[in-house]
Amino acid sequence: MVALVPLSLLAPTLPLAAVAAALAAGTQGAATAAIVSLLVGRYAPLRGAVLGLNAAGSNLGLFAGAALGGVALGAGGYPGLALSLAALAATALIAIAWALRPAPSPAA
């Protein structure tokens, strides 16, 4: 999903950029639907709160990403934008690795 964004920015032709952007948007939509389904299934009694927090988090991420992207684009052009995207992707991978780390074993 993330790899399609640089392809759409660096594509040599407009049709390739359009296809890459459409694929990136499609994968994002599929991931969002899966996340919402998993959250609602896991926290069914709190469905309203979960959906509200999910919407708030999505909008905050949209705002923060657009702000960061705009600053990066203004400061460093497209290479700066690519660098900010790479930094965000690395941060997400670190957060995922931290969240999936094995639980510490109790002292024997």
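Between the Cα long axis of helix 14-42 and the first principal axis of the chain there is an angle of about 10°, rounded to the nearest 10. At a Förster radius of 22 Å, what calculated FRET efficiency corresponds to the Cβ-Cβ distance of Leu14 and Ala67, to the nearest 0.05? With a Förster radius of 22 Å, E is 0.20. Placing dummy labels 7 Å off each Cα toward the beta-carbon, the span from Thr32 to Trp98 is 2.6 nm. Between Val40 and Ala89, the simple spin-label model (points 7 angstrom out along Cα→Cβ) gives 3.1 nm. Based on DSSP H runs of at least 4 residues, each adding -39500 (n - 2.57), what is the mean residue ellipticity at 222 nm of the chain after dividing by all its residues, to the nearest 500 deg cm²/dmol? Per the formula, -29500 deg cm²/dmol. Normalising the average separation of contacting C-alpha pairs (under 8 angstrom, six or more residues apart) by the number of residues puts the relative contact order of the chain at 15 percent. Relative to the longest principal axis of the chain, what angle (0 to 90°, nearest 10) does the C-alpha long axis of helix 47-99 take? Result, in degrees: 30.
Computed from the coordinates by the stated procedures, all read-outs in this text should not be read as laboratory data. No experiment lies behind these values; they were computed from the predicted model shown. With ideal geometry, Cβ positions are generated from the backbone for all residues, glycine too; neighbour counts draw on all protein chains shown.
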